[in-house]
Amino acid sequence: MTRNFRLTLCYDGTRYRGWQRQGNTDNTIQARMEGLLTRMLAQPVELAASGRTDAGVHARHQVCSFRVDTDYDTNFMLTELRKYLPEDIGAAALEEAPPKFHARLNCREKTYVYRVWNSEEPNVFERRYLYMYPAALELDAMQEAAALLLGEHDFSAFCSNKHMKKSAVRELKAVEIERLGGEVRLTFTGSGFLYNMVRILTGTLLEVGTGQRSVRSARTALESLDREQAGFTAPAQGLILWDVRY
């Protein structure tokens with residue numbers, strides 16, 4: 001009997017080429033997971049994820065779905081997964097899902113966190129998960145600029161894919177910017193995000209925070225639909241897929 005499963009993963013994306021399976025390498029999260037599940041269940045397994053994370057990006061809460069013909073119970077499958085997964089990929093939960101559940105198509109909201117180490121002091125132990133950016137930041141200006149980007153818009157200016165054929169309209173529901181000691185943490189919640197969108201939003205807001213661009217320029221960039229008008233693309237290692245909601 002074919003059954004549908006919902007798998008929740010967490011992973012350190014440092015050494016992987018992103019989530020999506022690629023023809024020239026098996027060093028992606030999807031390829032590693034599908035290979036293990038295929039061997040474990042003795043049948044081809046194809047995973048659908050809530051969204052694709054880029055090379056070097058991490059996930060605290062990534063949701064996947066897959067269909068297989070098996071009599072194994074979920075506790076056994078989860079135990080076996082945990083036994084053979086590498087130490088930088090974790091299986092947090094596995095449950096049987098309704099037949100029509102699809103991790104990407106049913107996703108309604110995502111939250112990403114971008115972590116900036118905004119201090120001259122070294123942070124050796126978290127260096128893989130932070131963007132080292134010691135320049136002084138004006139958080140109030142960054143929050144003002146972020147507020148100008150909220151709502152449903154065409155976010156083409158904040159997307160690195162120049163040849164995207166689908167709609168670039170997304171709803172940015174909330175942006176929180178806070179200081180936690182030496183860290184400045186930016187939290188983005190939206191209906192969905194374009195390729196590199198969170199990293200470009202972060203780069204734009206950092207430029208506002210250092211005075212390289214005005215608060216209003218964030219809105220001007222949005223309305224221009226021109227990638228060249230937005231800020232730089234912040235590095236991958238500071239970005240974490242934080243939560244996914246259905």
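Values for this structure:
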quantity	calculated
Residues of the range 81-127 classified as out of contact with any Leu (no Cβ under 9 Å at 6 or more places or on another chain) and assigned to a helix (DSSP H, G or I), total	6
Considering residues of the range 61-75 that are touching a strand residue (DSSP E or B) at 6+ places or on another chain (Cβ under 6 Å) and surrounded by fewer than 18 Cβ atoms within 10 Å (Cβ to Cβ) only, the residue farthest from residue 5 (Cα to Cα)	69
Checklist (1) outside the structural domain of residue 176 (by TED's automatic domain parsing); (2) touching a residue at least 12 places away in the same chain (Cβ under 8 Å); (3) out of contact with any His (no Cβ under 6 Å at 6 or more places or on another chain); (4) surrounded by 18 or more Cβ atoms within 10 Å (Cβ to Cβ) applied to residue 31, failing item	(2)
All positions within the range 213-246 that are of a type outside the set (A, V, I, L, M, F, W, C) and under 30 Å from residue 125 (Cβ atoms)	231, 233, 235, 237, 238, 243
Criterion (farther than 27 Å from residue 128 by Cα, surrounded by 15 or more Cβ atoms within 10 Å (Cβ to Cβ) and under 24 Å from the mean Cα position of the chain (by Cα)) met by exactly one of 81, 37	37
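The values are calculated or read from the model by the stated rules, or taken from the named source; none is laboratory data. This one's a predicted model, so the numbers in the text were calculated from it and none came from an experiment. Backbone-built Cβ (ideal geometry, glycine too); neighbour counts: all protein chains shown.
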